[in-house]
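To start, the structure under review is shown below, and the notes come after it.
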Amino acid sequence: MNLPSPRALPLLVALTATLPRAVAAAPVPDDPEAPTIPSEPTIEPAIGEPGMLPPQPHDAAPIEPAAGAAVEPATPVIVAPAPAPAQPSPRATQPPRAVDEGWARPKGELERMAPRPLGDASVYTPGQGLAWTTKDGRFALALGLGGQFLYTVHDQRPPPLGTPQTSQTLEIRRMRLFLSGNAFSPTVKYYAQLQFSPRDLGYAAGAIKQSPVFMAWMRFERFPNLVPQVGMFFIPWSRQRVTPVLKLQLVDFSLASSEFGLERDIGVDLGSKDLFRLGKLRYHLGVFLGEGTDFAKPNDFGMIYYGRLEVQALGTLDDYVEADLPRHRKPQLSLGAGYAFADDDARTKAIAGTTPSDGGTTDTHNLTADVAFKIRGLSLSGDVWFRQGHRNFGDATITDADGDTVPAPKEAARNGVGWTGQAGFLIPHAPIELAARVSGVHGLGRTSLKDLTEAGPGLSYYFAEHALKLQADFVHLWGQGGMRGDRARVQLSFQF
C-alpha cells in the first residue's frame, strides 16, 4: 500500500479540520431557497505554525517528520470560506399556524379578517359625532350623543281623569346614543340607536317596559336600484314620521303624524334613493312583523305590507331635515305617496295604540300623500292621511259593577282622515327661524277616533344648526265634546 509523502500530510490534516465546519454551515436541506451571504476567501496559516496544531485523538502520538527528511517551510494554503449561516425564509417570520388551518377556507377570507390600521386622524363633525375609518375605507365607526330637555305647561278643559286642569313637567324627553358606519365594504352600512331617558324606556312604578334598543339595522348598497335594509326602524311610509326627531322644525311631531304614522317595527325594506340614477325617483317596498316594538315573542302571521314612491320634481330634497338651513338658491320640490295594509293588528292603530277593549284584531288600509318645498330659507310641507279598518272582535271579558263577568264592550276601528300644513322661514343672516303648524284628525263612519285639531306658532334659535338649538312653541287644541286646551313648550336639543 502506498502511503502519502510527508510533504502531503499537512494539507490532508488541514482539509480534515475544515470539513466539519463547512458541513455545519451548509444550508438546511429542507429549505433549498434559504439565502446565503458570500464573503471573501480567507488565508489561513499552514499546519505547524504556533497555535494552529490540528486536533488529534487523545491516544494518538504526535505526527513528526520521518528521520532524515528535509523540512521545508510551511506554505500558506487557501481554504474556501465557510458559508454564512442560513437566513430565515419570509414564511418563518409569520406566526405559527395549526397544520390544518385555512385548508378549506373560502378564497380571501383570511384577508377579510386581517387587522387593519386606522387612518391618519379621527374626524369630529358637529351633529354627527366622532368618526374613525380604516386606511382602506372598508371599516368605519361614528359615535354620537343626542338628547332633549323639555319643559311643558298644559291646560286642558275638561281635564283628563285624575290630572289637574293645569300642569307642568320638566323632563329629559330623549337621551340617545348613536353608532353608525360601514363594515367590510363602503356599501355595507350599519346603524344603532340606544335610548336611555325614563320616558323612552317606559319607566313607571319602578319597572322598565321598553328595550334600550331604539333602532338597529343593516343596509346593503351594492346595487343602487335595489337596496335591502333589515332590522328595526321606522317604516318608511310617510315623510315626517321618518324624519329624525332631533331635526324637526317644531318641538315634536304633528297631531296627524302621531295618529296615522307607522311606528317602529322589525322587518325588511327594499328601496332606492335614486332609482335608475335619474335624480328624480325614490321608492320603498317592504314587509314587517306588525308587532311594533313588542316583537320579541312568538307571534302570528298578521304582518304589515307597504309601498312608497317619491318624485323629486325639482332636484334632490333632503327629506330628513325640515328646515332649509342651507338656504338653497334653487327651489326643491318633493312629492310622495304611500300605501300600507296591516293584517290582524292587535292594537287600535296600525302597529301602535292600545289593545282593543274586546281583545280582538283589526285589518286596516292606510293611505298617505305629502309634499315638501324649500328655497332660500323658506320651507313648506303638508300631508294628508286616510285609514279604513275592519274589526275582528275578540271575546275578552270584564267584571261589571255587580261583580259579574260579562263580555267586554266591542271597540270600533279608528277610521278617519288627517292633515298637516307647516311653514318655516329662516331670517337672512341670522340663526332664527319662525314657524307655524296646523294639524287635525277627523273620524269617519263608525269609529272610535275623536275629532281634534291643533294650531300654533313656533320659534327656533340655532346655535349650531340642529347640533345645538333652542325651540319654543305654543299650541291651541280644540275637539269633539267641547274639549279645549293650550300647551306651551320650551326644548333644548343637542346632538354631538
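Among T293, T134, T354, rank each residue by its count of other Cβ atoms within 10 Å, from fewest to most, as a rough exposure measure.
Working: T293 18, T134 15, T354 10.
Ranking T293, T134, T354 by Cβ neighbours within 10 Å, fewest first, gives T354, T134, T293.
Averaging sequence separations of C-alpha pairs under 8 Å and six or more residues apart, then dividing by the length of the stretch 127-495, give the relative contact order as a whole percent.
Details: 1040 pairs, mean separation 50.4, N = 369.
After rounding, I find 14 percent.
Would you mind ranking D402, D155 by Cβ crowding within 10 Å, fewest neighbours first?
Values: D402 6, D155 16.
In increasing order of surrounding Cβ atoms, one gets D402, D155.
Taking the C-alpha atoms of the stretch 127-495, how large are the radius of gyration and the largest Cα-Cα span, Dmax, in Å?
Computed over the Cα atoms of the stretch 127-495, radius of gyration and Dmax are 21.4, 75 Å.
Just name one of V490, Q249, L477: the one whose Cα is farthest towards the positive end of the charge dipole of the stretch 127-495 (beta-carbon charges, Lys/Arg +1, Asp/Glu -1).
The listed residue farthest towards the positive side: Q249.
Please report, in debye to the nearest 20, how large the charge dipole of the stretch 127-495 is about its Cα centre when each Lys and Arg carries +1 at its beta carbon and each Asp and Glu carries -1 there. Intermediate results must be reported in sequence, preceding the final value.
Working: 39 positive and 37 negative charges, 302 e Å.
Dipole magnitude for the stretch 127-495 comes out near 1440 debye.
What is the fewest-to-most order of F494, F288 by other Cβ atoms lying within 10 Å of their Cβ? Intermediate results must be reported in sequence, preceding the final value.
Numbers: F494 19, F288 24.
Starting with the residue having the fewest Cβ neighbours, the order is F494, F288.
Could you list which residues have their amide H under 5 Å from that of G292, counting only those 5 or more apart in sequence or on another chain, with H placed in the peptide plane?
I266
For the stretch 135-186 and the stretch 248-316, what is the separation of their C-alpha centers, rounded to whole Å?
Their Cα centres are 20 Å away from one another.
Determine the dipole magnitude for the stretch 199-305: charges of +1 sit on the beta-carbon of Lys and Arg, -1 on that of Asp and Glu, nothing else is charged, the reference point is the Cα centre, and the result goes in debye to the nearest 20. Mind dumping the intermediate values first?
Numbers: 13 positive and 11 negative charges, 100 e Å.
Dipole magnitude for the stretch 199-305 comes out near 480 debye.
Rounded to the nearest 0.05, what FRET efficiency is calculated for E111 and L470 with R0 set to 51 Å and r the Cβ-Cβ distance?
Values: r = 50 Å, r/R0 = 0.98.
After rounding to 0.05, the efficiency reads 0.55.
To check my understanding: the extent here is largest minus smallest coordinate of the Cα atoms along each principal axis. What are those three numbers for the stretch 401-496, in Å, largest first?
67, 28, 22
Counting only pairs 8 or more residues apart or on different chains, how many lysine pairs in the stretch 127-495 have their Cα atoms under 24 Å apart?
Lysine pairs meeting both conditions in the stretch 127-495 amount to 21.
Using a simple charge model, +1 on the beta-carbon of Lys and Arg, -1 on the beta-carbon of Asp and Glu, nothing else, what dipole does the stretch 321-473 show about its Cα centre, in debye to the nearest 20? Intermediate values should be presented prior to the final figure.
Working: 15 positive and 19 negative charges, 204 e Å.
Value, rounded to 20: 980 debye.
Where a number appears in this text, it was derived from the coordinates with a stated rule and is not lab data. This one's a predicted model, so the numbers in the text were calculated from it and none came from an experiment. All Cβ positions, glycine included, derive from the backbone under ideal geometry; neighbour counts span all protein chains shown.
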